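A short write-up of the structure that comes next.
The values are calculated or read from the model by the stated rules, or taken from the named source; none is laboratory data. Because the structure is predicted, anything quoted here is derived from the model rather than measured. So basically every Cβ, Gly included, is an ideal-geometry build from the backbone, and we count neighbours across all protein chains shown. All accessible areas refer to the heavy atoms of the entire protein, side chains included, with ligands and DNA or RNA removed. Shrake-Rupley method; radii C 1.70, N 1.55, O 1.52, S 1.80 Å.
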Amino acid sequence: MIETHLSLLIVVLPLLAAPLVAILPNGRLPWAASTLVSFAVFAMACLQLFSVSTGNIISYELGGWAPPWGIEYRIDAANALVALIVAGIAAITLPYALLSVEKEIPAKQHSLFYSAFMLCLTGLLGITQTGDIFNLFVFLEISSLSTYALIGLGRKRQALTAAYQYLIMGTIGATFFLIGVGLLYAMTGTLNMVDLSERLPALAEHRTIQTAFAFIMVGFALKLALFPLHLWLPNAYTYAPSVITVFLAATATKVAVYVMLRVIFSVFGFSLIEDTPTDEIFLLLCVMGILMMSFYAINQQDSKRLLAYSSVAQIGYMMLGLGFGTVLGVTATMVHLFNHALMKGALFMAVGAIVYRIGSSRIDNMAGLGKHMPWTFAAIIIGGLSLIGVPGTAGFISKWYLVLAAIEQQNWFIVGVILIGSLLAVVYVWKLVETLYFKSANENAHAGIKEAPLMLLVPTWILVLANIYFGLNTELTVGTAEQAVKLLLPGVQ
Amino acid sequence: MDLIIGHYNYWLVIIIMMAGFYTVISQGNLVKKIAGLNIFQVSVFMLYISIGNVKGGAAPIIESDISVYSNPLPHVLILTAIVVGVATTALGLALVVRIKEAYGSIEEDEIHEQDHSL
């Protein structure tokens, strides 16, 4: 019974939980309920990935209406992997949330906070599960609207302007996507992605289809913060509550990258991109994004903002693989999706633990803290090494595949950019490490600061250890990614 | 000529779309930005409704003597999009109220100044 409805339950469970959590009394009950739900969703996402890992596809008809008339949830290895990332990060973030949220958010807003969190989870999971392009838009807006509200709950008043800025840009992005979908529907008369992919090749030359493609690409480039459409991201990540920064950095942009993959390869087909200058534009923007955003990261005075700029640079790596459009390139994108969620999750959690103790994320205020908080400090070091791409960490695997993809294309310029990007990452990670360990603050500044509580350390270290584990054992990440790529790029081998 | 008059609804959509989009980008007042965003979204609603129209088609209610109906699906889609638009506007205006409480202003440049004079 649960088996057959699994792909729907993953979305419906958090959706039903949201209003329930909202009416629970404040205190720890809303937290406990949403954590329980996130565990259940995580278990189901694991089960789902297991059942599609052999390469078969689950098609679930909503309400018994057969596709293409009804909405179809269509799960293959690509969705299942992204759904696992989202569900997994939620299941790790929520236990972490308890103390962090009690510190950063007024007690009377707790049940609403967790309710919005559940809605955000629903939206992100819905985007990954659905096989209907309009349904995707609806889930996109569910996740976006709850995200705006969650960012606005940050402690500083800049959180409000950050949320407002994100609302404006996010809505423009989503509306662009909606225009694109409308034009596609006008030409093909269908919204089902499989159906679209069958009807589009015959129309590929048509101006309306190309316009639709352009609208969808720009819309999602805004959502995934592709340079230079990233302007909302640094503020949103810096001023959002720590928990939300962890969750968004590890999931929201990843889901948007997944949609990009799905739309480009499953719906339009990569030939449309090769015929138009889209792939060159992607490569150019990625190269500029990686280099410029890494320099920006080096110059930041706030640790969360530093990591946010690094996130924009890392999105450049993901889109590079997509721009190549080869099996190796897209595999690298899928692997980096997963690995970047692990490393940024771990780093933002460690920074969140510091914020929990000293109440500030400014780098100046962190001088010498490494000696007071050795475990948090070690988490930052390992997360940082993974971000740089040192062998033995998850980051190395994705960089390795990306470099292989670039070499396969004989594109030595891109190889150089990836290596320079990694060197710049060394610089900004070192900036954190140096301040935390080697700079000595005056002794009184941090007197009495203890190691972060276990409730924060354990989730952080689960992600840190996952960084090492997936750096050594690539069976799950690379294996699933290769399986996914086989389905995304059927003709190419 | 037919390109202009025959497709007047699409021209209207483009004009409204650009007017709304321009308002979002050019206005410094946060409420006006939301209004611009709304106009921008409304143009998309009109685009969808135009798509759904079938030449000579009647309203999609089954009648014995009618054989051509307009496509109801875009209308249904746009009902969903309208709800999303209302929710976005509500949330945006709520944020503006909170920003006014925190900064005492809803002008972008004044808010910017306050953040940087700290």
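Give the shape of segment A:100-195 as rounded, prolate or oblate, defined through the alpha-carbon gyration tensor: a ≥ b ≥ c are the square roots of its eigenvalues, a/c under 1.5 means rounded, and otherwise the shape is prolate if a/b is larger than b/c and oblate if not.
Taking the square roots of the gyration eigenvalues as a ≥ b ≥ c, segment A:100-195 is oblate.
Using a 1.4 Å probe and counting only protein heavy atoms, how much accessible surface gets buried when A and B come together, both sides summed, in Å² to the nearest 100?
2800 Å²
Provide the per-residue ³J(HN,Hα) series for segment A:15-25, in order, calculated from phi with Karplus coefficients 6.51, -1.76, 1.60 and θ = phi - 60°, each as a whole number of Hz, with x at glycine and proline positions.
Residue by residue, segment A:15-25 yields 5, 6, 5, 4, x, 4, 4, 5, 8, 5, x Hz.
Simple spin-label model, 7 Å along Cα-to-Cβ: B:M18 to A:R28 in nm?
6.1 nm
Which residues belonging to segment B:31-48 lose at least 10 Å² of 1.4 Å-probe accessible area when the assembly is complete, relative to their chain isolated?
B:K33, B:I34, B:L37, B:F40, B:Q41, B:V44, B:L47, B:Y48
If a/c stays under 1.5 just call it rounded; otherwise compare a/b with b/c (prolate if a/b is bigger, oblate if not). Do that for segment B:1-107, with a ≥ b ≥ c from the square roots of the Cα gyration tensor eigenvalues.
Since a/c reaches 1.5 but b/c is at least a/b, the shape of segment B:1-107 is classed as oblate.
Using modelled amide H (1.01 Å from N, peptide plane; none on Pro or chain starts), what sits under 5 Å from the amide H of A:I71, excluding residues fewer than 5 places away?
Sorted by chain and number, the residues that satisfy this are A:L62.
At each listed q (0.06 Å⁻¹), what is the log10 of I(q)/I(0) that the Debye formula gives for the protein assembly as shown modelled as equal alpha-carbon point scatterers?
Cα-only, vacuum Debye calculation for the protein assembly as shown: -0.30.
Can you give me the long-range amide H partners of A:A452? Hydrogens built in the peptide plane at 1.01 Å from N, cutoff under 5 Å, separation of 5 or more residues or another chain.
Amide H neighbours of A:A452: A:T376.
To the nearest Å, what is the center-to-center distance of segment A:1-37 and segment B:40-77, using C-alpha atoms only?
38 Å
With the crude spin-label approximation of a point 7 Å out along Cα→Cβ, what separation in nm comes out for B:V83 versus A:T208?
Result for the modelled spin labels: 2.7 nm.
As I understand it, the value is the acute angle between the Cα axis of helix A:278-298 and the longest principal axis of the Cα atoms of chain A; what does it come to in degrees, rounded to 10?
So the inclination is approximately 0 degrees.
For A:E141, A:E475, B:E107, give me the order by solvent-accessible area with a 1.4 Å probe, most accessible first, ignoring ligands, DNA and RNA.
Accessible-area ranking of A:E141, A:E475, B:E107, largest first: A:E475, B:E107, A:E141.
Using amide H atoms built 1.01 Å from N in the peptide plane, name the residues 5+ places from B:N29, or on other chains, whose amide H lies under 5 Å from its own.
Excluding prolines and chain starts, which carry no amide H, the hits are B:E108.
Could you sort A:K254, A:K486 by their accessible area in this structure, using a 1.4 Å probe and putting the largest first?
The most accessible residue leads, giving A:K486, A:K254.
Taking the Cα centroid of segment A:120-140 and of segment A:396-424, what is the distance between the two, rounded to the nearest whole Å?
Distance between centres, Cα-based: 32 Å.
Using a basic spin-label model with each label point 7 Å from the Cα along Cα→Cβ, how many nm lie between B:V54 and B:S105?
Here the modelled spin labels are 5.7 nm apart.
Send over a whole-number figure in Å² for the accessible area per residue of the protein assembly as shown, probe 1.4 Å.
Per-residue accessible area for the protein assembly as shown comes out at 39 Å².
Where the centroid of each part is defined by its Cα atoms, how far is segment B:1-21 from segment A:156-225 in Å?
Here the answer is 20 Å between Cα centres.
Run lengths n ≥ 4 of DSSP H only: what is the helix-derived mean residue ellipticity at 222 nm for the protein assembly as shown, with -39500 (n - 2.57) per run over all residues, to the nearest 500?
For the protein assembly as shown, the value works out to -25000 deg cm²/dmol.
Can you work out the Karplus-derived ³J(HN,Hα) for every residue in segment A:221-231? Use 6.51 cos²θ - 1.76 cosθ + 1.60 with θ = phi - 60°, whole Hz, and x for glycine or proline.
4, 5, 5, 8, 6, 6, 3, x, 9, 9, 4
Quick one: Karplus J couplings for segment A:242-257, per residue in order, coefficients 6.51, -1.76, 1.60, θ = phi - 60°, nearest Hz, x for Gly and Pro?
Residue by residue, segment A:242-257 yields 3, 4, 5, 4, 4, 5, 5, 4, 8, 10, 4, 5, 5, 4, 5, 5 Hz.
Calculated FRET efficiency, B:I62 and A:S59, Cβ-Cβ r, R0 30 Å, to nearest 0.05?
E(calc), rounded to 0.05, equals 0.50.
Can you pull the percent of the protein assembly as shown's accessible area that's carbon plus sulfur, 1.4 Å probe, other chains left in place?
Summing carbon and sulfur atoms, their accessible area is 67 percent of the total for the protein assembly as shown.
Do any of A:K254/A:K486; A:K254/B:K100; A:K103/B:K33 go past 23 Å between their Cα atoms, and which?
A:K254/B:K100; A:K103/B:K33
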